[in-house]
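Chemist: Mind having a look at this structure? Questions to follow.
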Amino acid sequence: MKSLHDWIPKAIKQEQDDRSKSCENNKESIETLDRTTTTIKRKLKDLENTNSKRIRGISADIEEEIRRHRTPPPLRDGVGRGLDGTIPPPPPPPPPPPPETSITLGQQAAPVPLVKKEPRNLPHPPKFDGKSSKLEEFVQKVDNIFEQMPLSYSTTSEKILYISDLLTGQADVWYGANQHKRLPNEQTK
């Protein structure tokens, strides 16, 4: 029993020492944090001052530019001098005349590209049920739709979605089983 009595005070002393070290470590951490916080605050203040100076400089530049544009030009005395005695700079040259756009007889205007309109009421191909004997005809009719309506079916995804609406029977069952593969990640042509 004596060994337990000896061990308990040692254990308590060890715990107190550990807590004391922990407190010292925490104090050091807090001091480090305080120093870091002070440094950050000082740098932020410096940055604010720098930005304030920049903004004041930019504001002064803008005000000077506005003042310069609002100041009327000096009056002339009829001899080419301003009333203040200075010779003003010559006015800027006039802009060059626009190129002539009129068409004379015998000339043709440049062709204007026509925007091709897609037909609206094309008949849909008959639904495809998966029979190989009907595949060739189905593919030709779908290709014809895609050729006549390139704007409507410009991406692979749009083409796949259109074809999926035309499937029935075994073809529809196959498509449903493979639907997770049907749309590519990129909109490709």
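Chemist: Enumerate the pairs (first residue in the stretch 29-50 and assigned to a helix (DSSP H, G or I); second residue anywhere and surrounded by 10 or more Cβ atoms within 10 Å (Cβ to Cβ)) with beta-carbon separation below 7 Å, excluding pairs fewer than 6 apart on the same chain, so at least 6 apart or on different chains.
Modeler: No pair meets every condition.
Chemist: Please identify the pairs in which a residue from the stretch 152-170 that is part of a helix (DSSP H, G or I) has its Cβ atom under 8 Å from the Cβ atom of a residue that is among the hydroxyl-bearing types (S, T, Y), counting only partners at least 6 apart or on another chain.
Modeler: T156/T188; E158/S152; K159/Y153; Y162/Y153; S164/Y175
Here is a yes/no grid of residues against (1) at pLDDT below 80; (2) open to solvent by 100 Å² or more (accessible area, probe 1.4 Å); (3) touching a Gly at 6+ places or on another chain (Cβ under 7 Å); (4) among the β-branched types (V, I, T):
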| site | (1), (2), (3), (4) |
| --- | --- |
| I8 | yes, no, no, yes |
| D18 | no, no, no, no |
| N25 | yes, no, no, no |
| E28 | no, yes, no, no |
| L33 | no, yes, no, no |
| K41 | no, yes, no, no |
| R54 | yes, yes, no, no |
| G57 | yes, no, no, no |
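Every residue, every condition in (1) over 33 Å from the mean Cα position of the chain (by Cα); (2) surrounded by 14 or more Cβ atoms within 10 Å (Cβ to Cβ), yes or no:
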position	(1), (2)
E118	no, no
L122	yes, no
P125	yes, yes
E136	yes, no
D143	yes, no
Y153	no, yes
Y162	no, yes
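The values are calculated or read from the model by the stated rules, or taken from the named source; none is laboratory data. Remember, it's a predicted structure, so these values are computed and weren't measured experimentally. Here Cβ is always computed from backbone atoms with ideal geometry, including for glycine, and neighbour counts include all displayed protein chains. The accessibility values were calculated without ligands, DNA or RNA, using every heavy atom of the protein model including side chains. Shrake-Rupley method; radii C 1.70, N 1.55, O 1.52, S 1.80 Å.
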